[in-house]
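The values are calculated or read from the model by the stated rules, or taken from the named source; none is laboratory data. Model, not experiment: these values are computed from the prediction. Neighbour counts are summed over all protein chains in view; Cβ atoms, including those assigned to glycine, are modelled from backbone coordinates with ideal geometry. Protein only, heavy atoms only, side chains kept; ligands, DNA and RNA dropped before computing areas. Shrake-Rupley method; radii C 1.70, N 1.55, O 1.52, S 1.80 Å.
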Amino acid sequence: MNVFDYFFDIEEYMPKERFARFMDFARGRETPFLVTSLSVVAEKYDALRRCMPYASVYYAVKANPEEQVLRLLSERGSCFDIASVYELDLMLRLGVEPERLSFGNTIKKARDIRYAYEHGVRLFASDSESDVRKLAEYAPHSGVFFRILTDGRGADWPLSRKFGSQPDVVFDNIVLAKSLGLNPRGISFHVGSQQLDVMQWRTPFDTCKDIFGAAEQQGIKLDLLNIGGGFPAHYLRPVEDLSVYAGEITGYIEETFLPASPPGKASPASLPQVIIEPGRYMVGDAGVMVSEIVLISWKERESGIPWLYMDAGKFGGFIETIDECIRYPIYSERTGDANDYVIAGPTCDSMDILYEKNPYRLPSNLQEGDRLFFLSAGAYTQTYSSVFFNGFPPLRSYVIE
Ligand SMILES: *Cc1c(COP(=O)(O)O)cnc(C)c1O
């Protein structure tokens, strides 16, 4: 087996002092658990506001619904994208006004639409005729944005196929919504989560423009453009800085919606209201998952690579390692030689393997009982962990400054 030095530069992910604070907090606590840093979330939110000051931020609650995270974003003025009546209840309990919520799930029971409406929600996503009819009945006169299909290309965690509809269906639904007394506001899309290719925002803008134009010919003035989530967290694969995304997307918006005019002279009045729904970007880099090695084993006598079984696996928060899509940076405190390991979780389900096709290079002298630190684990971990599989409790989650 090849021998390499184990090398991991924490500072590629966060300043040393910040990591030290995570380590201090983690010391002596029983693993596995997630620690989310509020100051990182605040930095992310502020950077987004700086890069895209014209956009209204609707944080996708599902990414990390820790109350302190939601409170912090609420205090900073964020709005919220909710997907269920349960997230609605959570936000109302925290005192967030329903005017700052959009019901972004296109799959809704009629009674849940009514519940949301009764509690003041007036902005809904939709992608089907049946849902438009339910909205007209149970959330009369509400604002609706219509989701178009995207193919999820370029995304590490694509959301293609399930949500959205083709432009002609969207157009029909807009006309229908209007005729039923709803307020068709505009278009939404999601280019796929952890989208590494900024260009993927380009195509849907053209589609939006076509639909805006077609609607206008029917006397329907659309004025809302919801460009969804997809902004990346910092995993092993390098990503562009948010400012690169923001710069490109701002350019697309201007090219698409501003009439040709001398550079810098365009009137912002002709731009639609822009909504952005970041989830992963906002909280991903803010979280560190701390997990302990339960067992190290070799499956063959002469060769093969060792297996590391951790106390957190696919059912304990790492569901996004399906197909090894999301590759968390993994840090060990040990130094010296390195070799490859397969990494798996602790449960009795054979799909509970995190990384096998693409093993991880970690210190050769790892011992059972050592801790591994999974960085950038603040998004889609705690909420995805199972409640009792094999009796393991749901992932513990803490918040620090
Ligand atoms: C999950 C979700 C988001 C957040 O996506 P990220 O890729 O995590 O930014 C935004 N909008 C909708 C409708 C979603 O379902």
| field | For region 115-132, Karplus couplings with θ = phi - 60° (6.51, -1.76, 1.60), whole Hz, Gly/Pro x | value | 4, 5, 4, 4, 9, x, 6, 10, 9, 10, 9, 8, 9, 8, 4, 4, 5, 4
| query | When the chain is fully extended, how far beyond the present Cα-Cα distance does Cys325 get from Asp46, taking 0.36 nm per residue of separation? | reply | 97.6 nm
| field | Where region 1-120 is the region considered: accessible area per residue in Å², 1.4 Å probe | value | 49
| Proximal charge balance of Cys51 [Cβ under 14 Å; K/R count +1, D/E count -1] | -2
| About its Cα centre, how strong a charge dipole does the chain have in debye, to the nearest 20, once Lys and Arg get +1 and Asp and Glu get -1 at the Cβ? | 1000
| message | Taking the alpha-carbon distance from Lys314 and a cut-off under 15 Å, which aspartates and glutamates remain once sequence neighbours fewer than 8 residues away in the same chain are dropped? | response | Glu292, Asp323, Glu324, Asp349, Asp352, Glu356
| query | Residue farthest toward the positive end of the dipole of region 248-396, with Cβ of Lys/Arg at +1 and Asp/Glu at -1: which of Phe388, Gly378, Leu362? | reply | Gly378
| message | Let me check I've understood the local charge: for Gly230, count other residues with C-beta under 12 angstrom from its C-beta, Lys and Arg +1, Asp and Glu -1. What total comes out? | response | -1
| request: Choose one of Ile253, Pro278, Val169: the residue whose Cα lies farthest towards the positive end of the charge dipole of region 104-278 (beta-carbon charges +1 Lys, Arg; -1 Asp, Glu; about the Cα centre). | output: Val169
| So which lysines pass the test for Lys221, namely a Cα distance under 30 Å, with those fewer than 8 places away in the same chain ruled out? | Lys108, Lys109, Lys134, Lys162, Lys178, Lys209, Lys265
| field | In sequence order, calculated HN-Hα J values of region 271-277 (Karplus, 6.51, -1.76, 1.60; Hz; x Gly/Pro) | value | 7, x, 5, 9, 10, 10, 10
| request: From the P(r) of the chain, can you give the percent of Cα pairs sitting at distances over 29 Å? | output: 48
| request: May I ask you to compute the full-extension gain from Ala110 to Glu356, defined as 0.36 nm times their residue separation minus their alpha-carbon distance, rounded to one decimal in nm? | output: 84.2 nm
| said: Within the chain, what whole-number % of the accessible surface is contributed by carbon and sulfur, with the 1.4 Å probe and all protein chains included in the calculation? | reply: 50
| field | Nitroxide proxy distance, nm - points 7 Å out along Cα→Cβ at Leu295 and Met199 | value | 4.7
| field | Heavy-atom surface of region 154-206, accessible at 1.4 Å and reported per residue (Å²) | value | 42
| remark: Note to self, the chain gives a 222 nm [θ] from helices alone (DSSP H runs n ≥ 4, -39500 (n - 2.57) apiece, / all residues, nearest 500) of -8500 deg cm²/dmol
| task | Please turn the phi angles of region 81-97 into ³J(HN,Hα) values with the Karplus equation 6.51 cos²θ - 1.76 cosθ + 1.60 (θ = phi - 60°), one per residue in order, whole Hz, x for glycine and proline. | result | 9, 10, 10, 7, 5, 6, 5, 4, 4, 4, 5, 5, 4, 7, x, 7, 5
| field | Long-range amide H partners of Asp370 with built H, under 5 Å | value | Ile293
